[in-house]
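Right, one structure below, let's go through it.
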Amino acid sequence: YKAYAPAFGDEGPSLAALAKQHSGLPVITNGHLDDPETAVSMLADGAADVVALGKAALATPDWPYRVRNGLPLDEIDARLFAPVADVKDWELELS
């Protein structure tokens, strides 16, 4: 959910950092990394080799360009991701 959050409990390394530490493999991390400082910290701390963006990239396709050039980022408009797909009651009856 949040790539930078502790994997277990309220403290400690993130799941990405643990994967990097114990696997020895390159790690791609994703999850609420739309803030450039948070994304950079994952790379700088060695917790991940690559940061992937989902909603931030969809909402701001030029996110890397803006961050690289110190340009402001637009606030993400949650309406871009609506409606949320879910299972309807009538679909359950068909199973």
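The values are calculated or read from the model by the stated rules, or taken from the named source; none is laboratory data. This structure is a prediction, so every number in the text was calculated from the model and none was measured. Because the Cβ atoms are built from the backbone with ideal geometry, glycine has one as well, and the counts that use them run over all protein chains shown. Just so you know, the surface numbers come from the protein's heavy atoms only, side chains and all, with ligands and any DNA or RNA stripped out. Shrake-Rupley method; radii C 1.70, N 1.55, O 1.52, S 1.80 Å.
For segment 16-51, the set of residues classified as touching a strand residue (DSSP E or B) at 6+ places or on another chain (Cβ under 8 Å), open to solvent by less than 70 Å² (accessible area, probe 1.4 Å) and under 21 Å from Glu75 (Cα atoms) consists of Leu33, Ala39, Val51, listed by residue number. Take the residues of segment 81-90 that are among the aliphatic types (A, V, I, L, M) and at pLDDT below 75: which is most open to solvent (accessible area, probe 1.4 Å)? Ranking the candidates gives Val84 first.
Taking each residue of segment 60-75 that is under 15 Å from His32 (Cα atoms) and looking for partners that are modelled with pLDDT under 90 and open to solvent by 80 Å² or more (accessible area, probe 1.4 Å) with beta-carbon atoms closer than 7 Å, six or more apart or interchain, yields Thr60/Asp74. Is at least one residue of segment 67-80 β-branched (Val, Ile, Thr), open to solvent by 70 Å² or more (accessible area, probe 1.4 Å) and modelled with pLDDT under 95? No, segment 67-80 contains no residue that is β-branched (Val, Ile, Thr), open to solvent by 70 Å² or more (accessible area, probe 1.4 Å) and modelled with pLDDT under 95. Within segment 62-83, the set of residues being over 18 Å from the mean Cα position of the chain (by Cα) and in a loop (DSSP other than H, G, I, E, B) comprises Asn69, Gly70, Leu71, Pro72, Ala82, Pro83.
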